[in-house]
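Let me begin by presenting the structure, written as structure tokens, before commenting on it.
The values are calculated or read from the model by the stated rules, or taken from the named source; none is laboratory data. Everything numeric here is computed off the predicted structure, so don't read it as measured data. Cβ sites come from the backbone with ideal geometry, for glycine too, and all protein chains shown count toward neighbours.
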Amino acid sequence: MFLKNHNQRDDMAVVKVKKNFQLTLPNNLRKELNISEGDFLDLEVKNGEIVVKPIKLIPKDQQYFYTPEWQKKEKEADSDLARKKRKEFKSVDDLIKELHSK
């Protein structure tokens, strides 16, 4: 059961701390923030309040993808594809020959 006082905004809810200090996030907040079971939340204390932010953890072997250098190359590739700046090859061998020629 979620209680609400008369000064409370619609995007707020009062929840009870349960056994083992567990909380249940209200359905409307979970849906609004797209939080699913198993997701991670970042908790931070600011001005005496707990701020909760949903976060997505990136597996270590995929972190390279989010580096500025990699993202720059991704944007270049997307731009090249949008401008149809690409070369087609008849075979994998032709592609490899092209790569080795540079």
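Observations, loosely collected:
- Scope the range 15-48; condition farther than 28 Å from Pro59 by Cα, hydrophobic (A, V, I, L, M, F, W, C) and surrounded by 12 or more Cβ atoms within 10 Å (Cβ to Cβ); matching residues: Val15
- Taken over the range 49-61, the residue count meeting the criterion of being without any contact (Cβ under 8 Å) to a residue 12 or more places away in the chain and either surrounded by 10 or more Cβ atoms within 10 Å (Cβ to Cβ) or in contact with a Phe, Trp or Tyr (Cβ under 8 Å, 6 or more places away or on another chain) (or both) is 3.
- When Thr67 is tested against (1) more than 30 Å from Met12 (Cα to Cα); (2) in the same structural domain as Arg30 (by TED's automatic domain parsing); (3) among the β-branched types (Val, Ile, Thr), only condition (2) is not met.
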